[in-house]
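The values are calculated or read from the model by the stated rules, or taken from the named source; none is laboratory data. In this text, all values refer to a predicted model and were calculated from it rather than measured experimentally. Cβ coordinates were reconstructed from backbone atoms using ideal geometry, including for glycine residues, and neighbour counts include every protein chain displayed.
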Amino acid sequence: MSGLEDLPPLREALAAEGLLARKSFGQHFLLDLNLTRKIVRLAAPLDGAVVIEVGPGPGGLTRALLESDAALVIAVEKDPRFLPLLQELADAAPGRLVVIEADALTVDEAALVAAHAPGRPVRVIANLPYNVGTPLLIKWLTGPLRPAAMHLMFQKEVAQRIAAAVGSDAYGRLSVISQAVAEARIALTLPARAFTPPPKVDSAVIEITPRAQGPSAALLAALETVTAHAFGQRRKMLRSSLKALGGAALCEAAGIDADARAETIPVSGFLALAEAVKG
């Protein structure tokens, strides 16, 4: 886009402002535009879409998003230090970037879309702050926002948990809730050295595509309750870990073996248990 190419490289912009990542915010910046452009290509097509980006920081991914066909990028940034850099991006791409200073855990993304670009398809594309990535994902999977797709950067271990198959070591509560609502796959893995400052672990971009007909809000609430009990004591048989919810009788009502352990129960089995809890 006209104007974006005239901006200084991100490292220079950060150095000029004397900005460093804050550990308390879980910040690790992706400054290599070749990598941020690759992430945006994975999320294509974006033609006409509204993209919500959380934790843009200095705007590495934001620049790549503004180079795409997205109609509008809504960037939610908690750290006020980065607002001037993001405003430079907004000035270089008039009318295509809205910067919101807010905590992503509490902001109402559906209201933001309704206010700035009603009726357009929504995508969430973000290099998520490590310390809030999981609660943000749960929020988007179970809340009022209905994105067509999400491409999210997590610590590699968290991404593996989201996409894990039943019976694997990584399979757990996050796997069940995510896969009950959406299809999930790891689309790209990035080494720690790709980030500034490098985290202690590698990262991965996970592609999450919500199902056309997902569980109802009531069923999701019951699923969260069931999985919290089942995986809270994952080495116990379900008759024990789910005792507070009905134990063996609940399992029988759902058609699930009460002597099984949580990691052996597929998503469909947990949905059946949630149905039984919901009544």
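On the given criteria, is L141 part of a helix (DSSP H, G or I), at pLDDT below 95, within 25 Å of V40 (Cβ to Cβ) and not aromatic (F, W, Y)? Against the criterion (part of a helix (DSSP H, G or I), at pLDDT below 95, within 25 Å of V40 (Cβ to Cβ) and not aromatic (F, W, Y)), L141 qualifies.
Of the candidates L86, L72, L66, the single residue that is buried (at least 18 other Cβ atoms within 10 Å of the Cβ) and touching a Gly at 6+ places or on another chain (Cβ under 6 Å) is L86.
When A272, A212 are screened for being among the hydrophobic types (A, V, I, L, M, F, W, C) and either at pLDDT 95 or above or not in a loop (DSSP other than H, G, I, E, B) (or both), only A272 passes. Regarding G133, is this residue of a type in the set (G, A, S) and closer than 18 Å to K78 by Cβ? Considered against the rule, which asks whether it is of a type in the set (G, A, S) and closer than 18 Å to K78 by Cβ, G133 comes out as yes.
State all residues of the range 233-260 that are at pLDDT below 95 and within 25 Å of V181 (Cβ to Cβ); if no residue qualifies, say none.
Taking the range 233-260 and keeping what is at pLDDT below 95, we get 233-235.
Within the range 233-260, Q233, R234 meet the criteria.
Only residues that are assigned to a loop (DSSP other than H, G, I, E, B) and out of contact with any strand residue (DSSP E or B) (no Cβ under 9 Å at 6 or more places or on another chain) were counted across the range 170-199, and they come to 4.
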